[in-house]
Amino acid sequence: MNKRPLDRFNKLIIFLLLSVFAVVSLLPLYWVFSTSLQLSSYQSQDMERPVSYVDSNPPKMYPMGIPLYFEHWGEARKAEKAGDATEEAYHRDMMNHIVSNTFGSFKTLFKKHDVGKWFFNSIYIAVVVTVGILLIDSMAGYVLAKKKFPGRNWIFWIIISTMMIPGQVTLIPLFIMIGNLGLMDTHWALILPDLSMVFGVFLMRQFMYSIPDELLEAAKIDGASEWRTFWTVVLPLAKPGLAALGIFTFMNVWNSFLWPIIVLNTAELYTLPVGLKTLQDANLASFKLLMSGAAVAAIPMIVVFILFQRYFVKGLTLGGVKE
Amino acid sequence: MPASLLGGVQMTQMPIGAVPKKEEEKLKVMKRPNKNIIKDMKKNYSAYLFLLPKLILFTLFIAIPVVWAFFISFQKYKIFGSEFVGLDNYIEVFQSDAFRIALKNTLLFTIVTVPFGVISALVLASLIFELGKISQTLFRSAFYLPTVTSMVIIAMVWRWMYNYDFGLFNYVLGWFGAGPINWLGQSSTALWALIIMQCLIPFGVGIILYLASMGAISQSLYEAARMDGAGKFKQWLYITIPQLKPTTLYLVLLSTIGSFQVFTQIIMMTGGGPGNATETLVHLIYKTGFRDFEFGLAGAQSVVLFVIILIFSVIQFRVLRHDE
């Protein structure tokens with residue numbers, strides 16, 4: 001019993017140690033946001049020329065606009081009290097400049113570049129594929145788990161065995177095929193191959209096993225058609241599995257990169273990762289602008305992750321070691 | 001292209017070893033005399049209808065391309081049709097310096113990052129497991145968050161952090177009076193810069209799976225060890241680690257396969273350079289296929305990549321299974 005204080009102490013040490021590691025591993029993400037909001041041009045009265053805190057040595061660890069904004073705000077208040085209208089106006093101007101410069105790169109991204117379109121394309125492709133996969137794979141997973149029919153095991157094993165083949169193997173034939181189908185440089189070139197991913201079949205089949213046969217038989221006795229049974233009995237029961245599969249599909253499609261850079265050539269059709277690459281390749285963009293683009297691409301996944309965290313864990317453990 | 005096979009989330013390669021036994025039994029049940037098959041198929045026509053959409057997509061965009069890939073690797077692809085050249089492409093693959101260097105770089109990358117990633121995931125998960133529920137959730141999220149972020153974004157920010165003049169790394173080196181180092185710009189450091197980067201991205205999948213498996217280890221094992229007077233560290237060494245072996249095997253396979261396919265960092269940060277200091281297999285395939293349009297050669301390269309991954313998987317499976 002008198003072990004307790006020591007136990008607590010150990011836990012505290014572990015907590016602190018893990019915190020250090022967590023900070024290190026989250027630093028790059030922090031740096032994306034910090035740089036994207038960094039003040040890139042600032043000139044106060046006592047400076048000869050404007051400075052950029054983006055390219056500064058030593059680097060500024062947080063957006064400099066924040067302290068400078070409050071500094072000018074304080075000065076403006078002081079000037080207001082002293083009745084110095086020109087001084088006050090100057091500080092108000094500086095405050096406006098700081099705000100518009102801090103968020104300026106986001107405005108540039110959406111105005112000058114097609115980031116708005118890329119964002120929309122990414123969302124729409126990810127949603128279409130996710131919805132499609134959920135429907136198609138749960139249908140397949142359901143019959144593979146719950147129905148007995150000739151060829152069932154053959155079909156399953158043929159599908160599953162291709163999971164071990166690295167995607168690069170099909171890159172070239174797929175490229176030729178998409179070209180022959182006349183789908184090059186269209187969103188179909190992304191959607192169709194993504195819809196044929198097989199991981200979901202495996203996951204849904206595992207999940208469907210847990211649905212009790214009695215429920216299916218009861219539905220059958222009630223005279224429900226196969227489709228109706230699937231739609232009103234099976235799918236509602238499979239919700240946790242669907243959530244996990246949906247999240248992983250969304251994430252995979254959202255982050256997919258190699259195939260999109262091969263088949264997309266028109267800037268308007270780009271997804272966010274492809275757009276970011278061309279932005280970086282153009283070499284005109286400042287790091288502030290690049291990091292702003294990165295932030296735009298990172299935010300949706302971070303939001304999805306925070307909202308659906310438990311399904312991430314579920315999906316990983318379902319697909320992983322434990323059945 | 002199955003994004004999951006290419007992208008950062010290495011979810012697709014499943015340990016299917018656990019399923020076959022059960023399946024085999026079912027297979028036996030399924031085997032009936034031939035004449036009944038047609039009847040059976042008719043009776044179950046709705047099952048085929050349910051499978052149809054996936055089967056069509058799978059056949060068109062996976063099965064046919066996989067088979068086709070092997071054919072392409074034996075051909076010289078030209079604008080006006082193609083020509084069968086036998087093993088020429090494969091001979092070229094093995095004779096070319098570019099492939100040898102890419103293979104060497106990929107192997108080095110894998111040999112350093114895979115053990116580091118798996119071991120650090122094990123250590124981090126073990127530490128996290130000691131804490132209370134809320135802290136567990138907190139740290140699990142913190143370490144998993146970089147995994148849900150696109151590698152494109154991570155590569156962009158690391159390129160910025162490795163920047164010669166204004167990057168964070170050279171600034172930190174400055175504290176110790178060292179550097180600045182032209183991390184990505186010189187062939188002596190570029191590959192190591194990418195390796196360091198990979199090591200510092202936490203292996204989120206690994207941490208989550210280890211945590212889940214640790215929760216499933218029977219407490220009675222620990223109690224028995226405690227009665228024998230084993231301390232915390234000994235319990236970890238002699239109970240936790242052996243009990244986690246299936247998870248470890250899975251994670252090693254998973255990250256090896258992922259690591260052999262390293263691509264996004266390369267194209268975003270170095271383009272394989274300087275020279276070919278950071279050329280990797282998949283980046284080479286990409287360049288051969290879609291910059292030089294040597295489809296046959298790129299096809300042969302990707303088949304070789306597949307075989308290498310297969311060999312590695314089998315070896316790891318054997319080694320990690322056998323000393324049980």
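Values for this structure:
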item	result
Within chain B, helix-based [θ] at 222 nm, where runs of 4 or more DSSP H residues each add -39,500 (n - 2.57), nearest 500	-20500 deg cm²/dmol
10 Å Cβ neighbours from other chains, averaged over peptide A:153-160	4
Added length on full extension, which subtracts the Cα-Cα distance from 0.36 nm per residue, A:L135 to A:E80	13.4 nm
Relative contact order of segment A:4-109, defined on C-alpha pairs under 8 angstrom at six or more residues apart (%)	23
Per-pair calculated FRET efficiency, R0 = 41 Å: A:K239 and B:K76 via Cβ, rounded to 0.05	0.20
Hypothetical label at A:Q43: residues of segment A:82-123 whose amide nitrogen lies under 16 Å (7 Å Cα-Cβ projection)	A:90-91, A:93-95, A:97-98, A:101
Within segment A:101-152, trypsin sites (Lys or Arg not before Pro) in DSSP loop having at most 15 other beta-carbon neighbours inside 10 Å	A:K148
For segment A:31-113, diffusion coefficient by Stokes-Einstein and Kirkwood Rh (Cα), 4 °C, 1.567 mPa s, µm²/s	95
Entries in A:K11/B:K133; A:K11/B:K245; A:K148/B:K245; A:K314/B:K245; A:K60/A:K107; A:K78/A:K288 that, when Cα-Cα distance is taken, lie over 24 Å	A:K11/B:K245; A:K148/B:K245; A:K78/A:K288
Mean residue ellipticity (222 nm) of chain A, computed from DSSP H runs ≥ 4 via -39,500 (n - 2.57), nearest 500	-22500 deg cm²/dmol
Cα Rg, Dmax (largest Cα-Cα span) when computed across chain A, Å	27.2, 91
Cα shape, the protein assembly as shown, gyration tensor, a/c 1.5 rule	prolate
FRET efficiency for B:F293 and B:F94, using Cβ-Cβ distance with R0 set to 30 Å, rounded to 0.05	0.90
Extended-chain gain in nm, criterion 0.36 nm per residue less alpha-carbon gap, A:E71 and A:K112	11.6 nm
Three-way shape call for segment B:91-322 based on the alpha-carbon gyration tensor, with the a/c threshold at 1.5	oblate
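Since every read-out is calculated from the coordinates, none of them should be taken as a lab result. Quantities reported herein were computed from a predicted structural model and do not represent experimental measurements. We place every Cβ from the backbone using ideal geometry, glycine too, and count neighbours over all the protein chains shown.
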